[in-house]
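Presented below is the structure to which this report refers.
The values are calculated or read from the model by the stated rules, or taken from the named source; none is laboratory data. For clarity, every value in this text was computed on a predicted model and none was experimentally measured. Cβ: placed from backbone, ideal geometry, glycine included. Neighbour counts: every protein chain shown. Quick note on the areas: whole protein, heavy atoms, side chains included, nothing else; ligands and nucleic acids left out. Shrake-Rupley method; radii C 1.70, N 1.55, O 1.52, S 1.80 Å.
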Amino acid sequence: MASQLKRPVTLSARDREELIRWTTTGVHSASSIMRARVLLALDTSVGEPDPKVVIADRLEVSGEMLRLVAKRFDETGGDVLATIGRKKRALPPVPSPVTGEVEARLIALACSAPPAGHARWSLRLLEKHVQLTEDIPNLDHSTIGRVLKKRNCVLT
């Protein structure tokens, strides 16, 4: 019976030994050990692998995980350690709207006199005034509080 894999995984003898050592010795994360076991199960160098359904049941993973590990092995050019390790994130998913200039303007606003009718600045009041200011991005009161706390600014 065919293995039904679009991306066959072919490991060298050295890679197989390394994966077996990875799964049986040392302290590694559970997810990397599971990906190593998936690679060993999908290996075509020692013979025809079992069908995906059988491998998934035996390893107690989904068929999707088998597909993703095989895809990652193909994308990394057959690098076993890159396949079983975590991907490094290049950049944060969303850049912070708070830059040094925004912090400075926010602190200057918090240190200024409160508007008429108010005895002191509150975080909610600062939030309303930040929304009215065009050169500061809209920030909610919790973000404003974190910025002021980080810079040891106390609202009085």
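The residue that is nearest to the chain's Cα centre (by Cα), among those in the range 51-69 that are open to solvent by less than 20 Å² (accessible area, probe 1.4 Å) and farther than 15 Å from Arg7 by Cα, is Ala56. Take Arg72 and tell me if it is open to solvent by 100 Å² or more (accessible area, probe 1.4 Å) and either in contact with a Leu (Cβ under 6 Å, 6 or more places away or on another chain) or not hydrophobic (A, V, I, L, M, F, W, C) (or both). For Arg72, the condition - open to solvent by 100 Å² or more (accessible area, probe 1.4 Å) and either in contact with a Leu (Cβ under 6 Å, 6 or more places away or on another chain) or not hydrophobic (A, V, I, L, M, F, W, C) (or both) - is not met. For the range 15-47, filtering for residues that are over 19 Å from Arg86 (Cβ atoms) and outside any helix (DSSP H, G or I) leaves 6. For residues in the range 8-50 being touching a residue at least 40 places away in the same chain (Cβ under 8 Å), among the hydrophobic types (A, V, I, L, M, F, W, C) and closer than 13 Å to Phe73 by Cβ, which is surrounded by the fewest Cβ atoms within 10 Å (Cβ to Cβ)? That would be Leu11. Residues in the range 92-101 that are open to solvent by 80 Å² or more (accessible area, probe 1.4 Å), modelled with pLDDT of 90 or more and either in a loop (DSSP other than H, G, I, E, B) or hydrophobic (A, V, I, L, M, F, W, C) (or both): none.
Residues being open to solvent by less than 100 Å² (accessible area, probe 1.4 Å) and in contact (Cβ under 8 Å) with a residue 60 or more places away in the chain are represented in the range 83-91 by at least one member. Only residues that are at pLDDT below 90 and loosely packed, with under 15 Cβ neighbours inside 10 Å: list them for the range 105-151, please. Correct list: Thr133, Glu134, Asp135, Arg151.
Tally up the residues in the range 92-125 that are without any contact (Cβ under 8 Å) to a residue 24 or more places away in the chain and either within 18 Å of Lys149 (Cβ to Cβ) or of a type in the set (S, T, N, Q) (or both), please. Going through the range 92-125 one residue at a time, the tally reaches 8. Is the range 125-139 home to any residue that is closer than 30 Å to Ala41 by Cα and assigned to a loop (DSSP other than H, G, I, E, B)? Scanning the range 125-139, I find no residue that is closer than 30 Å to Ala41 by Cα and assigned to a loop (DSSP other than H, G, I, E, B), so the answer is no. A single member of Arg72, Arg58 is under 15 Å from Thr10 (Cα atoms) and modelled with pLDDT of 90 or more, and it is Arg72.
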